[in-house]
Amino acid sequence: MRIVDSHCHLEEAVFADDLPGLVERMRAARVAGVVSVGVSPDRWPQQVSVAGQVRQLGMPVGLAFGIHPWWADRVDGEAGLQALDRWLDIHRADRVAIGEIGLDCAAGMPVFQRQRDLFHGQLDRALHWDLPVILHERKSADLLLKAIRLRPGLRGAAHGFAGSAQQAAQFVAQGFYLGVGGAITHPRATRLRQVVAGLPLTSLLLETDAPNQLGHAHLGERNEPAFIREPLAVLAELFRQEEAAVAEQLYANTVALLGERWLVTS
Ligand SMILES: [Zn+2]
């Protein structure tokens, strides 16, 4: 069985003292690789450094660089996009996507116009570099879909998807994948389970978003990539298939979106 955690924040300080343990538990959980997703230019260097350490421990890491909407009022838009171009150029060998980017329309978030300019600028960079995007969605699925439709040929995934069945179907119709993680493991997540069960398995990815988005079995703990087995178990139940078969399909989906080269340990 091969499992990929398609979305996690490995460079977070909470993991710094525990990388060997983290990798050991990933291996025990049959995790074959992890995607480290970016949030802001000042954290990209730490992301690269931690990815190097984790690879040294024998675990493949794919790198996505991007500016998260939560950072939209802390990063100068033009300078941020230029930094992204430079960074993607330098890291041609191990970049797999642009992310985490998107729109967050919950209360208290950065000014919408700043989020939007940064998001649209990064979508255009994705087309320029022919890279997939990893999207942050919160109360923003329709706006994300509109931006995607304006850019034929754009590829990507909506991470931590929590929208409606109609919105999910529209992402799938645009060729996008939907990331499934800890949220689906909560017994009360009946609506999300229904939405996901109605989608083709060929459109799903597994993710933890660690250290965020704890699953039900670990409430009160710190989330980590090894906990990916729990959303996998729920998917196996929903689709009435063996975990290994589901994992293999989702592994293939990840490779279709992000390529295979980063998963090969040298
Ligand atoms: Zn994230």
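Points to keep in mind about this one:
- Charges were assigned to the Cβ only: +1 to each Lys and Arg, -1 to each Asp and Glu. The resulting dipole of the stretch 50-197 about its Cα centre is roughly 500 debye.
- In this structure, the amide hydrogen of Leu103, modeled 1.01 Å from its nitrogen in the peptide plane, lies closer than 5 angstrom to those of His136, Arg138, counting only residues at least 5 positions away or on a different chain.
- Global geometry of the stretch 69-117, whether rounded, prolate or oblate, following the gyration tensor of its Cα atoms and the 1.5 cut on a/c: prolate
- Per-residue [θ]222 nm for the chain (sum of -39500 (n - 2.57) over DSSP H runs n ≥ 4, rounded to 500): -12500 deg cm²/dmol
- Per-q log10 I(q)/I(0), the chain, q = 0.15, 0.17 Å⁻¹ (Debye; single scatterer per alpha-carbon; no solvent): -1.08, -1.42
- Computed about its Cα centre, the charge dipole of the chain is approximately 560 debye, with only Lys, Arg, Asp and Glu carrying charge at their Cβ.
- Within the accessible area of the stretch 187-233 (1.4 Å probe), percent carbon and sulfur: 53
- Convex hull volume per residue in cubic angstrom - Cα atoms of the stretch 1-52: 69
- Relative contact order of the chain: 21 percent, from C-alpha pairs under 8 Å at least 6 residues apart in sequence.
- Database remark: amide H of Leu205 closer than 5 angstrom to the amide H of Leu178, Gly179, Val180 (H placed geometrically; neighbours at sequence offset of 5 or more, or on other chains; Pro and chain starts carry no H).
- Ranking Gln174, Val246, Ala158 by Cα position along the charge dipole of the stretch 144-266, where only Lys, Arg, Asp and Glu carry charges on their C-beta atoms, puts Gln174 farthest toward the positive end.
- Phi-derived couplings, Karplus 6.51 cos²θ - 1.76 cosθ + 1.60 at θ = phi - 60°, listed residue by residue for the stretch 111-120: 3, 4, 4, 5, 4, 5, 4, 5, 5, 5 Hz, with x used for Gly and Pro.
- For the stretch 154-215, trypsin sites (Lys or Arg not before Pro) are listed when DSSP marks them as loop and at most 16 other Cβ atoms sit within 10 Å of their Cβ; the list is Arg188.
The values are calculated or read from the model by the stated rules, or taken from the named source; none is laboratory data. In this text, all values refer to a predicted model and were calculated from it rather than measured experimentally. In this analysis, Cβ positions are derived from the backbone assuming ideal geometry, glycine residues included, and neighbour counts consider all displayed protein chains. What goes into the accessible areas is simple: the full protein's heavy atoms, side chains included, and nothing from ligands, DNA or RNA. Shrake-Rupley method; radii C 1.70, N 1.55, O 1.52, S 1.80 Å.
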